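Where a number appears in this text, it was derived from the coordinates with a stated rule and is not lab data. Model, not experiment: these values are computed from the prediction. All Cβ positions, glycine included, derive from the backbone under ideal geometry; neighbour counts span all protein chains shown.
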Amino acid sequence: MYRIAIISLHGCPVARLGEKDTGGMNVYVLQTAKELGQLGHKVDVYTRYHDPADPQVVKLNDNARVIHLQAGPYDEHKEQLHLHIPQFLSNLYRFQEGEGLSYDLVHSHYWLSGMAGIPLSQRWHIPHVTQFHTLAEIKRRARVGQVEPSVRIEGEKSVMSAANAIIASSRFETEDIVHLYGVSPHKVHVIPPGVDLALFQPMNRTAARERLNLNGNKIVLYVGRVEPIKGLGILLEAISLVDPCEHVQLLVVGGNAEKDAELVQLQLLSEKLLIQGKVDFLGTVNHDELPVYYNAADVFVMPSYYESFGLAALEAMACGTPVIASRVGGLQTIVKDGETGYLISWQCPEPFTQRLEMLLSNQAVRQSMAVAARTKAQEMGWSRVVERLLELYHSLTKIPLATS
Ligand code: UDP
């Protein structure tokens, strides 16, 4: 049995998903913490309070819990959060000492948590495993969205150098860590994220559409945060070029019009392209309600400029929905081109339109891709992820695996 301190400073695993800073990482932390807890390991996830209404401790199951700590104002900008790491740490030490807790390993998520993981691992004399989810150097090279501050790039370098092991979600991320940050490949371990196979399952498409009050249009779906790197502008333009005979309707799940400037820009773009009647910006949807959306869709599209993994694409596949995605990052390891969907090498609308028309007009291809997509997703449940994590923890701590 391991006692694990998970640090997810800005990514609260019980926060509402699909807003600017809540997405795949939050899902990853929640699912792995719960799964480890179910196996009998003691897991504490430390995160900062982002809402005064949150209780300090939220139980996930008998062995896993989330602990909220004060670290700066509730609505602090992500760019300023690094200034509050000292406060986060002193509150963490107070909680840990107050409860008499000790840990075998610290596992940090994103560079901010990695920066907290460095002193924790030194003070407690335990190994530090880290994973970044996104890297500033890659975002910078994608040349979309805001410029990443140098404090982040320097922070990532320090975390990579101090950590005992780095988890990458695909071999592409490993290559970036090795080549862009000069890390030894021996330090990097590829463990792809997973999908909740019990939640994300195929269901009757007609029933799913009825539940969402959709009419007879062909449904194209996007699910995720709404930010420039996600390439939603490409998707809107691609939709505007689809043959009108296809009667296509795009559902965009995620984003918050009051908080995301990008969502407002996209609404304006859809008006400019004269497709506002074909696009529904639905805002965020509860994670547990997403299976009905994936099942209602004919095609799922992820047109990202960069994606370290792309959990939403895997969730769509688990529901038996073909995926058209950019040929970037981890998406290349999930989508099998021509088998479970299509990978697009160009970040421009026309190739997306062409593949959309191909799939929307061809039910037989959609059906065979649906079966292949679910089969591929079935290899990727969270239990497999946690098995691999435990092997890594074992190699670092030498604590036997089979004591739980
Ligand atoms: N998500 C959600 N509700 C929403 C929008 C997104 O539950 O309204 C979830 C989605 O199911 C997925 C995650 O947020 O699990 C997004 O992860 P992904 O890896 O696709 O993108 P990231 O956020 O990591 O860029």
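So the values come out like this:
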read-out	value
Range in the chain, longest, excluding exposed trypsin sites (Lys or Arg not before Pro) [loop by DSSP; at most 15 other beta-carbon atoms within 10 Å]	17-142
Spatial extent of the stretch 166-275: Rg and Dmax, with the Cα atoms as the point set, Å	19.2, 54
Relative contact order, percent, the stretch 29-149 [alpha-carbon distance under 8 Å, six or more residues apart]	16 percent
Whole-number percent relative contact order across the chain, with pairs defined as alpha carbons under 8 Å at least 6 apart	16 percent
Calculated over the chain: convex hull of Cα atoms, volume per residue (Å³)	134 Å³
GluC sites (Glu not before Pro) within the stretch 219-302, DSSP loop, no more than 14 other Cβ atoms inside 10 Å	Glu258
Along each principal axis, Cα extent of the stretch 30-100, largest first, Å	37, 25, 21
Charge-dipole axis of the chain as Lys and Arg at +1 and Asp and Glu at -1 on Cβ define it, positive-most pick from Gln122, Ala297, Ser170	Gln122
Computed magnitude of the charge dipole of the chain (debye, nearest 20; Cβ of K, R +1, Cβ of D, E -1)	580 debye
Options Asn26, Ala64, Pro52, ranked by Cα towards positive dipole end of the stretch 1-66, top entry (Cβ charges)	Ala64
Lysines with Cα under 20 Å of Lys218, excluding same-chain neighbours fewer than 8 positions away	Lys278
Point-charge dipole on Cβ atoms (K/R +1, D/E -1) for the stretch 113-186, about Cα centre, debye to 20	100 debye
Cα point-scatterer Debye curve for the stretch 292-404, base-10 log of I(q)/I(0) at q = 0.11, 0.20 Å⁻¹	-0.41, -0.97
Whole-Hz couplings from phi, Karplus 6.51/-1.76/1.60, listed for the stretch 327-334; x for Gly and Pro	7, 9, x, x, 4, 5, 8, 9
Spatial extent of the stretch 64-175: Rg and Dmax, with the Cα atoms as the point set, Å	14.9, 47
Considering only the chain, percent of DSSP beta bridges that pair antiparallel, nearest 5	10 percent
Check: the stretch 234-355 dipole with +1 on Lys, Arg Cβ and -1 on Asp, Glu Cβ, in debye	220 debye
Within the stretch 313-360, GluC sites (Glu not before Pro) in DSSP loop having at most 15 other beta-carbon neighbours inside 10 Å	Glu339
Met302 long-range amide H proximity, modeled H, under 5 Å	Ile324, Ala325, Ser326
Value of [θ]222 nm, deg cm²/dmol, for the chain, DSSP H segments ≥ 4, -39500 (n - 2.57) each, nearest 500	-12500 deg cm²/dmol
Cα point-scatterer Debye curve for the stretch 87-133, base-10 log of I(q)/I(0) at q = 0.25, 0.28, 0.32 Å⁻¹	-0.94, -1.10, -1.22
Beta bridges per DSSP with both ends in the stretch 1-106, % antiparallel, nearest 5	20 percent
Cα long-axis angle, helix 150-162 against the chain (0 to 90 degrees, to the nearest 10)	60 degrees
Sites matching GluC sites (Glu not before Pro) across the stretch 33-141 that sit in DSSP coil, with at most 15 neighbouring C-beta atoms within 10 Å	Glu76
Relative contact order (%) - the stretch 113-220, alpha-carbon pairs under 8 angstrom, separation at least six	23 percent
Pair-distance profile P(r), taking every C-alpha pair of the stretch 276-356, with 10 angstrom steps and integer %	18, 50, 30, 2
